């Protein structure tokens with residue numbers, strides 16, 4: 001908000017009011033536009049995305065793991081490995097520079 005800085009530097013209350021009003025008006029317009037895009041996207045998704053056949057549940061057939069479940073499990077294993085490595089380096093007394101040299 002450079003306008004506020006200029007208004008403070010000049011000591012102009014009317015310029016400060018104009019800058020703040022312009023910012024709020026721009027934000028208001030942007031939020032209405034984003035809301036309209038969200039509503040239009042929801043309507044288009046309802047129209048064009050395929051429907052599920054009757055009797056089909058949310059669970060995949062054959063016990064297959066969904067992509068989101070697989071990525072969540074992968075992220076959990078990476079976080080676990082990172083915490084184990086951190087604990088091991090803390091126990092051995094290594095600092096960040098020594099650990100970086102070991103990793104290279």
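Side notes on the structure shown:
- Any hit, the stretch 38-52, residues being loosely packed, with under 10 Cβ neighbours inside 10 Å, modelled with pLDDT under 80 and more than 27 Å from the chain's Cα centre (by Cα): yes
- The listed residue being modelled with pLDDT under 80 and surrounded by 10 or more Cβ atoms within 10 Å (Cβ to Cβ), out of 67, 22, 76: 76
- Every test in (1) surrounded by 10 or more Cβ atoms within 10 Å (Cβ to Cβ); (2) within 22 Å of the chain's Cα centre (by Cα) is passed by residue 17 save one, and that test is (2).
The values are calculated or read from the model by the stated rules, or taken from the named source; none is laboratory data. Please read all numbers here as calculations on a predicted model, not as lab measurements. Reconstructed Cβ throughout: ideal geometry from the backbone, glycine too, with neighbour counts over all protein chains shown.
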